[in-house]
Amino acid sequence: MAAWTEIPILGFLLILAFWPILLSMYGSWFDEHAYMEHGVLVIPAAVYMAWAKKDKLKTIPRQPSAWGLFLLLWGALQAVLGLAAQWVWVGRMAFLVSLVGSIVALFGWRMVRELIYPLCTLVLMVAPPTFVFSRVTLSLQLLASRLGERCLEALGYSVLREGNILELVGIKLSVEEACSGIRSLMAIIFMCVLYNYFFVRGWSMKALILVMAIPIAILGNAVRIVATGVASQYNPALVQGAAHEAFGYVSVFIAAAGCVALHLCMTSILKVWRSRHSEIKHV
């Protein structure tokens, strides 16, 4: 049977087998408390990444491996365990294990290595385990509150912080889960993954941008909190509703611009270093 026939058949069987899990994952993308809105874009992005390499993928010889069947069995058992024990993350990740198993069974490990980046990108459509998510969110809330307090004080505003609540003259600002920066952090990491794939060369540079996306996103969220605090001293209505949401989009834009600026800056530095290194070698 030709590969172009096997792929859609196996894809259909995978979707059918994991339908309850996939349906639950789809719902998590629109859960206002999960902050996974970017999830709906992950699959199209990963598919486009793979499609962009279609010419190279055609040159890879088919070398089916029995390890693919082992991974399919592993994915099936993991899915059953996840559903039985209500370990949501375990069940959802089982789909990715089975997907890799399908590729190995049909084409072999070389195809998986060539598709490693799109496959890893698919991890971003799965919400982190609840206990990890809650821990990170709480830490980001407190960090955002501290940064907001320090920056507002540096600007000359009187601020009293109690936990994640900032009290300014005439108003209290509560840094809730939605304001912790977790939403912007998840979105920025996804944007950096896309940017890395299409515009960044070299795994070390890709890794640097992904790692630096975290502090950049945190700083972007701090700018949001500071801007909200300053605006509250002139018009309290700006700390809620559409204006408050607008501050969130601005913070994401600032963080995204920061990641691009970091890449351009590091690229320029490397060019200068290589140029000087080349001159020294010629001397």
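The values are calculated or read from the model by the stated rules, or taken from the named source; none is laboratory data. Just so it is clear, the structure is predicted and the values come from calculations on it, not from any experiment. Cβ coordinates were reconstructed from backbone atoms using ideal geometry, including for glycine residues, and neighbour counts include every protein chain displayed. These area figures cover heavy atoms from the full protein model, side chains too; ligands, DNA and RNA do not enter into them. Shrake-Rupley method; radii C 1.70, N 1.55, O 1.52, S 1.80 Å.
Would you compute, from DSSP H runs of 4+ residues alone, the mean residue ellipticity of the chain at 222 nm, taking -39500 (n - 2.57) per run and dividing by the full residue count, rounded to the nearest 500? Numbers along the way, then the final one.
Details: 12 runs with 209 residues, N = 283.
My calculation for the chain gives -25000 deg cm²/dmol from helical runs alone.
Just order 110-122, 16-28 by mean Cβ neighbour count inside 10 Å, highest at the front, would you?
Numbers: 110-122: 16.8, 16-28: 14.2.
Descending mean neighbour count gives 110-122, 16-28.
Could you tell me how many cubic angstrom of Cα convex hull volume region 71-155 has per residue?
102 Å³
Would you list T130, T267 from the most to the least accessible area, probe 1.4 Å?
Numbers: T130 110, T267 45 Å².
Descending order: T130, T267.
Here are labelled values, (i) 41, 28, 14; (ii) 32, 21, 18; (iii) 27, 22, 20, and one is the computed semi-axes √(5λ) of the Cα gyration tensor in Å for what I pasted. Which one?
(i)
Leaving out ligands and nucleic acids, and using a 1.4 Å probe, what accessible area per residue does region 110-201 come to in Å²?
51 Å²
Can you list the HN-Hα couplings for region 127-136, worked out from phi with the Karplus curve (6.51, -1.76, 1.60; θ = phi - 60°), rounded to whole Hz and with x for Gly and Pro?
5, x, x, 4, 5, 5, 4, 5, 5, 5
Roughly how many percent of the accessible protein surface of region 32-72 is carbon and sulfur, given a 1.4 Å probe and a whole-percent answer?
Carbon-and-sulfur percentage of accessible area, whole number: 69.
Could you sort the peptides 255-262, 229-236 by per-residue average Cβ neighbour count (10 Å cutoff), highest mean leading? Mind showing how you got there, number by number?
On the way: 255-262: 17.9, 229-236: 14.6.
Per-residue mean Cβ counts within 10 Å order the peptides as 255-262, 229-236.
How long is the gain from Q86 to A52 if the chain were fully straight, where each residue apart is worth 0.36 nm and the alpha carbon distance is subtracted?
Details: separation 34, 0.36 × 34 = 12.24 nm, distance 3.72 nm.
Result: 8.5 nm gained on full extension.
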